[in-house]
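Data block below; observations after.
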Amino acid sequence: MVAALLFLVALRRSSIGPQFPGSVREAPRSFVFGGKIIPGMRIGPRRVLLRPTKARYPGRYYQITRERKDSVDEKWEQVWEALLRYRDIHGNLLIPHSFVIPEDNPEWPSNLAGLKLGQKIRNMRSVGTHIKSRPERIEMLNEIGFVWDDNEFRWRQTLRALQKYKSIHGALNIPTDFIVPAEDPWDPICWGVSLGERVHNIRAHNLHIRSNPARRKILDDIGFVWENDDYKFKLTLEALEIYKKLTGHVSVEQKFIVPHNDTNWPDYLWGLRLGDQTRAVRTMGRWIKGNIQRQRQLQDIGLKPSDLDLRYERVLECLVKFKDLYGHTRVPAKFVVPPEAPWDPPHWNISLGERVRVLRRKKPQLPPTLVQKLDTLGFSWKPKEENFESFVHMLSIYKDRHVSSESTESRVGDGFSVPRVYVIPQHDQEGCWPPEYRGIPLGARVYSVVKMGTYVRSRPDRIAALDAIGFQVPDKWRKPVPPKHSSSNAIQTNPEEDTMSTVSSSVGVES
């Protein structure tokens with residue numbers, strides 16, 4: 001009973017199967033009988049297709065097989081002919097994956113033009129196209145020196161590119177973004193290879209040498225640079241040597257970049273930020289920390305390390321020069337070394353005022369030897385205190401020269417004052433003014449004390465010092481200033497800094 005029901009269902013759902021390729025006959029209907037599925041029957045969403053077999057359709061079977069075999073053999077013969085021709089032209093079978101046989105090239109037969117030989121070789125290695133179950137073809141390929149391992153091929157490609165790069169440039173200082181150009185004298189097998197990226201992967205991930213450690217010796221023999229820091233240090237060292245040869249010194253400006261298309265520099269150094277690299281060596285000890293050999297290499301070209309931190313060496317030289325010129329070390333905050341004599345060229349355009357401010361702020365972290373040298377030089381660590389002492393001294397000199405007990409022109413109440421436009425003369429024939437005071441706008445300073453409380457706000461000791469020489473401080477600055485409430489989160493500025501920045505821009509006074 002069950003078998004009969006299944007037979008009826010099969011008859012109802014049966015349909016004509018698809019036609020055979022190239023055949024005009026319909027596939028026989030399929031049905032289920034005795035638990036077996038007869039080909040050609042549709043049951044639900046599945047269709048069991050009837051394939052031509054040698055037993056049922058002998059002519060058609062042999063015809064399809066013969067056509068396919070002829071096509072496959074023809075493609076193999078093309079690949080074989082192309083391989084032999086490539087070996088005759090280039091002397092090897094290291095074929096790039098992107099290689100396509102060129103058209104209109106007399107070296108190649110016309111029937112091979114446009115053949116993607118590199119892709120064919122890749123498929124042959126990876127999935128066995130043309131050679132699967134064909135040991136005689138494998139033997140043929142072995143006889144002509146075919147490279148089976150893709151990694152082996154890439155290794156030979158990389159090695160040949162490295163050797164050619166060294167023969168052209170003399171060293172293996174390869175930029176990370178370097179790509180082998182598709183031109184002579186480069187070997188065509190290397191065209192388009194991202195050699196800089198491969199070199200990076202060799203250093204960082206042991207590319208090519210993880211599975212074959214013996215290759216490391218081969219790279220050593222051609223002068224391969226293993227450490228990235230070593231590579232960058234050698235680049236910087238070579239650039240410093242050329243810079244010294246061109247300029248006579250190694251005091252490189254921070255903004256200096258090796259110019260492009262300059263025959264004085266190798267092309268692999270073009271665009272190198274030599275100023276930044278040199279500054280990193282000086283300020284952070286990049287590449288030379290704990291490496292005595294590299295430190296000696298820098299010594300040989302003039303970058304002599306001392307017991308001082310290299311980052312402050314040039315600042316100290318500038319301070320010595322500043323004191324020779326102006327007689328003091330109170331450098332204005334915005335002072336920049338002018339690019340002219342008598343300043344030395346290595347010091348030009350240095351923001352000395354900013355450097356001095358950093359020295360004061362980081363005094364606890366400075367090397368003791370540097371602090372000692374700055375103290376010997378007379379460096380002013382607390383310019384505000386020293387400025388006030390200088391201010392009192394200037395007022396005393398002004399009083400002795402211009403204020404008499406009988407005169408009332410410059411007197412205010414029981415004390416004396418200074419005209420707002422008064423500037424200490426640059427050329428003092430009488431010699432009353434010390435050289436470091438000349439050119440200071442003393443009147444503007446007095447005005448800032450009287451109107452804005454510079455120096456004296458909340459400083460009774462300073463008010464007493466001014467009273468001692470007869471200078472009258474207004475009563476509003478003598479009153480104690482009430483403490484400010486902490487409820488406000490606004491940042492309170494120092495009035496001395498604000499007022500001092502507006503009253504003086506002279507070289508002799510630090511703002």
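Values as computed for the structure displayed
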{"read-out": "Förster radius 41 Å - calculated FRET efficiency between Ile397 and Lys255 (Cβ-Cβ, nearest 0.05)", "value": "0.40"}
{"read-out": "Gyration tensor verdict on the range 173-330 (Cα atoms; rounded if a/c is under 1.5, prolate if a/b is larger than b/c, oblate otherwise)", "value": "prolate"}
{"read-out": "Cα-Cα P(r), the range 205-259, percent of pairs per 5 Å interval", "value": "4, 16, 18, 17, 12, 9, 9, 9, 6, 1"}
{"read-out": "Accessible area in square angstrom per residue, the range 215-287, 1.4 angstrom probe", "value": "54"}
{"read-out": "Loop-located chymotrypsin sites (Phe, Trp or Tyr not before Pro) in the range 111-211 whose Cβ has at most 15 other Cβ within 10 Å (DSSP)", "value": "Trp148"}
{"read-out": "Euclidean distance between Cα centres, the range 461-479 to the range 311-366, Å", "value": "35"}
{"read-out": "Probe 1.4 Å, all protein chains present, accessible-area order of Glu389, Glu152, largest first", "value": "Glu389, Glu152"}
{"read-out": "Accessible-area order (highest first, 1.4 angstrom probe) of the listed residues His208, His200, His97, His427", "value": "His427, His200, His97, His208"}
{"read-out": "Nearest-10 value in Å² for the accessible area of Thr376, using the 1.4 Å probe", "value": "110"}
{"read-out": "Using a Förster distance of 51 Å, the FRET efficiency for Glu74-Ala171 (Cβ separation, nearest 0.05)", "value": "0.55"}
{"read-out": "Cross-link partners of Lys321 among lysines (Cα-Cα below 24 Å; sequence separation of 8 or more within a chain)", "value": "Lys244, Lys255, Lys304, Lys334, Lys362, Lys363, Lys373, Lys382, Lys384"}
{"read-out": "Solvent exposure ordering (accessible area, 1.4 Å, most first) of Glu103, Glu354", "value": "Glu103, Glu354"}
{"read-out": "Cut-off 12 Å between beta-carbons: net charge of the residues surrounding Pro460, Lys and Arg +1, Asp and Glu -1", "value": "+3"}
{"read-out": "About the Cα centre, charge dipole magnitude for the range 110-156 (Lys/Arg +1, Asp/Glu -1 at Cβ), debye", "value": "260"}
{"read-out": "Two-site FRET efficiency, Asn206 against Trp381, from Cβ-Cβ distance with R₀ of 41 Å, rounded to 0.05", "value": "0.15"}
{"read-out": "Neighbour cut-off at most 13 other Cβ (10 Å), DSSP loop, trypsin sites (Lys or Arg not before Pro), the range 336-391", "value": "Lys362"}
{"read-out": "Carbon/sulfur fraction of accessible area - the range 89-239, other protein chains in place, 1.4 Å, %", "value": "48"}
{"read-out": "Loop sites in the range 310-341: GluC sites (Glu not before Pro), DSSP, at most 15 other Cβ within 10 Å", "value": "Glu340"}
{"read-out": "Relative contact order of the range 84-183, pairs being alpha-carbon contacts under 8 Å that are 6 or more residues apart, as %", "value": "20"}
{"read-out": "Alpha-carbon centroid distance for the pair the range 94-149 / the range 152-231, whole angstrom", "value": "25"}
{"read-out": "For the range 165-266: span of alpha carbons on each principal axis (Å, largest first)", "value": "48, 30, 23"}
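The values are calculated or read from the model by the stated rules, or taken from the named source; none is laboratory data. These figures come from a predicted structure and were not determined experimentally. In this analysis, Cβ positions are derived from the backbone assuming ideal geometry, glycine residues included, and neighbour counts consider all displayed protein chains. Please note that ligands, DNA and RNA were not included when accessible areas were found on the heavy atoms of the full protein model with its side chains. Shrake-Rupley method; radii C 1.70, N 1.55, O 1.52, S 1.80 Å.
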